[in-house]
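Engineer: Right, I'll just put the structure down here and ask away after.
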Amino acid sequence: MSSVRDSSQSTATAPGTAGSDGGVQTSPPSGRTPRSTPPVPQPRRRGIGWGARAELAVLIGPALVVFVAFVIVPVILAGYYGFFSWSGFGPPTDFVGIRNYVTILTDPAFHEALGHNLFIVVMSLVIQGPIALVFALLLNRKLRFQSVIRVLIFVPYVISEVVVGIGWSLMLQTSGAFNGLLDKLGLGALGAEWLSDPSLAIWTLMVIITWKYIGFAIILFLAGLQGIPDELSEAAAIDGASYWQIQRHIVLPLLGPTIRIWAFLSIIGSLQLFDLVWIIWGQYVSSTAGTSTMATYMVANGRGAGSYGYGSAVAVVLFFISLIIALLYQRIVLRRDTAGAITTSPKATDKPEVAS
Amino acid sequence: MAVTALIRTPAPRARRAPGQSRSSNLFIYFAALILIGLMLAPVVYIVIGGFRSNSDITVDPAGLPTEWRWQNYVDVLTSDVFWRQVLNSTIAATATTLVVVLFGLMAAFALSRYSFRGRGAIYAVFTAGLMFPMTVAITPLYILVRNLGLANSLAGVIVPQIAFALPVTIIILVPFLAAIPNELQEAAFIDGCSRLGFFWRMVVPLAIPGVITVGILAFIGSWNSYMLPLFLLSNDELYTLPLGTQAFASQYSVDTAKVLAFTSLSMIPALVFFSFFERRIVGGLTGAVKG
């Protein structure tokens, strides 16, 4: 088993970048197989004959073509369109240089949206992280109904943003179920305009986001916890460590890589947030209620206003902000898990990695 | 064997540190119960709301139905609109899933079992795809799809969805295929199997667990996808469920009960799908996260 896993890793990560941006999905970062060792001998290294080339073309071709055409090309096109003032019909001709970018970066509405995004990034980490951790630690033991519990915790993550948005907005409207419930409990005084009050709306959004996405964090942490051998906790227990000491000094540090990868996914998700805000608040209310995000700003001022050049420019700004934050995060936080990160400089990958 | 072992959830282990008594387990069940209650309350609200009448809801927004009315659900289930949207969503999700799995398997096979120059680069291109969520590409993507004449068609939704689902698919499948023992491949060659024959006869059947994981992810992703259909579909004949649910909610905003019924019916397929394959998804994550 372990030898299979090892060989799978060296072949899988041999291409060089598997660990980092792959995040959760890739085989995990590991210090076990330094890059310098030759990969497991490939079967039939018969160079590349024409036959093999044709096979490769047939195998990779379709995926690569679709991917490049519909993911890479649009991202590049966004960079190009961003320099034009363009209504989306005919070829873009009205070249305006960096005017779109100047407008975006000086637009108070964009600053607001960016501020909301950063708030959501930070609060998502601060709220979801600890809660998810506590529940993962609590649930990480033999329980009856274990798989039922897991499925139920995961439910909000599986249902669509539209269902979540409609359900929550009906519950939270002025004469909705939540205020009604408060009334029943004799707490009617606490009732509020959860969705439209600018001082409350963003917190409402945080509650909904937490509700929707915390199940993912818990399941991820539980998965990580199951990879930590029991022997360590048992040894510590024999040495007289208390339950909480074990969690704090043994389990948490070992869970580090999982937590850091979750945080990375959460940050990227928070920066790109669109669906929930657009469904619950819509284009106009989101800016007055103080829940607009960069993505809703992009759609409202791009496609919504028929200015595709401007919308593309916002996409580029959004992309670079995400990229910078992602790179910083990888440099500073993820580096100890996956030396190399996005930038696959051989120097970085050859360094002995911190055992994780 | 080894391949399936990679993605299985490890058997739950007892983790009884000292000081964990019966009572602390009771506390944990209690905590789990509260968490589950909070997670399910909004869903329950939506489902139960569908059984109420509008006047009920207005008078007492947080109450239980005074009488359980099936009428809202029956209305939705007998309407063409709902079934048309279910059909559209099913077509989009099925086509996306099938093509993603096929293309993903082929590319992952090439990336994991051939050695050629540029392999690392191609793999890097796909992993970089994770850095481009649809949000960033959506504006030019819309233009591109429109210029291809695919705006307002399900194909226009399906093809970009395939493209955006490929990175995750390939990243999950590559380690899977790489874990297939070389001896198998050599044995197949000795028996006169070509590499492509090996792919069809050995790799595809052996990769089934991984295929199921990526297939479910792709299916649920497509089923729930909102932004792309929002941009591309303006003809309500073509609306997928998320779009249709939203349109229904704004069109019948007075008829809260029916909106709730529609909403709760629209979330059933994803939930059913998920609970069938829950072990696979959670197991897939587990296999991926743990060293």
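The values are calculated or read from the model by the stated rules, or taken from the named source; none is laboratory data. What you see is a predicted model, and the numbers here were worked out from it, not measured in a lab. Heads up, the Cβs are rebuilt from the backbone with ideal geometry, glycines too, and the neighbour counts pull from every protein chain shown.
Let's see how each residue does on (1) surrounded by fewer than 22 Cβ atoms within 10 Å (Cβ to Cβ); (2) on the phi > 0 side of the Ramachandran plot; (3) among the polar types (S, T, N, Q); (4) within 16 Å of the chain's Cα centre (by Cα):
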{"residue": "B:183", "(1), (2), (3), (4)": "yes, no, no, no"}
{"residue": "B:189", "(1), (2), (3), (4)": "yes, no, no, no"}
{"residue": "B:192", "(1), (2), (3), (4)": "yes, yes, no, no"}
{"residue": "B:201", "(1), (2), (3), (4)": "yes, no, no, no"}
{"residue": "B:208", "(1), (2), (3), (4)": "yes, no, no, no"}
{"residue": "B:213", "(1), (2), (3), (4)": "no, no, yes, yes"}
{"residue": "B:225", "(1), (2), (3), (4)": "no, no, yes, yes"}
{"residue": "B:240", "(1), (2), (3), (4)": "no, no, yes, yes"}
{"residue": "B:249", "(1), (2), (3), (4)": "no, no, no, no"}
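Engineer: Quick one: in the range B:32-90, which of the residues that are over 15 Å from residue B:266 (Cα atoms) and polar (S, T, N, Q) is modelled with the highest pLDDT?
Structural biologist: B:71
Engineer: Take the range A:156-182 and flag every residue that is free of Cβ contacts under 8 Å to residues at least 12 places away in the same chain and more than 8 Å from chain B (Cβ to nearest Cβ).
Structural biologist: Once the filter is applied, which keeps residues that are free of Cβ contacts under 8 Å to residues at least 12 places away in the same chain and more than 8 Å from chain B (Cβ to nearest Cβ), the range A:156-182 yields only A:182.
Engineer: Answer yes or no as to whether residue A:293 is among the polar types (S, T, N, Q) and either more than 9 Å from chain B (Cβ to nearest Cβ) or touching a strand residue (DSSP E or B) at 6+ places or on another chain (Cβ under 8 Å) (or both).
Structural biologist: On the way: among the polar types (S, T, N, Q): yes; either more than 9 Å from chain B (Cβ to nearest Cβ) or touching a strand residue (DSSP E or B) at 6+ places or on another chain (Cβ under 8 Å) (or both): yes.
Here the answer is yes, as residue A:293 does meet what is asked.
Engineer: What are the residues in the range A:256-285 that are assigned to a helix (DSSP H, G or I), closer than 23 Å to residue A:163 by Cβ and either touching a Phe, Trp or Tyr at 6+ places or on another chain (Cβ under 7 Å) or not β-branched (Val, Ile, Thr) (or both), if any?
Structural biologist: Listed by number, the residues that qualify are A:265, A:266, A:269, A:270, A:275, A:276, A:278, A:280, A:282, A:283, A:284.
Engineer: With respect to residue A:204, determine if the residue is more than 12 Å from chain B (Cβ to nearest Cβ) and in contact (Cβ under 8 Å) with a residue 24 or more places away in the chain. Quick ask: steps written out before the conclusion?
Structural biologist: On the way: more than 12 Å from chain B (Cβ to nearest Cβ): yes; in contact (Cβ under 8 Å) with a residue 24 or more places away in the chain: yes.
When the stated conditions are applied, residue A:204 passes them.
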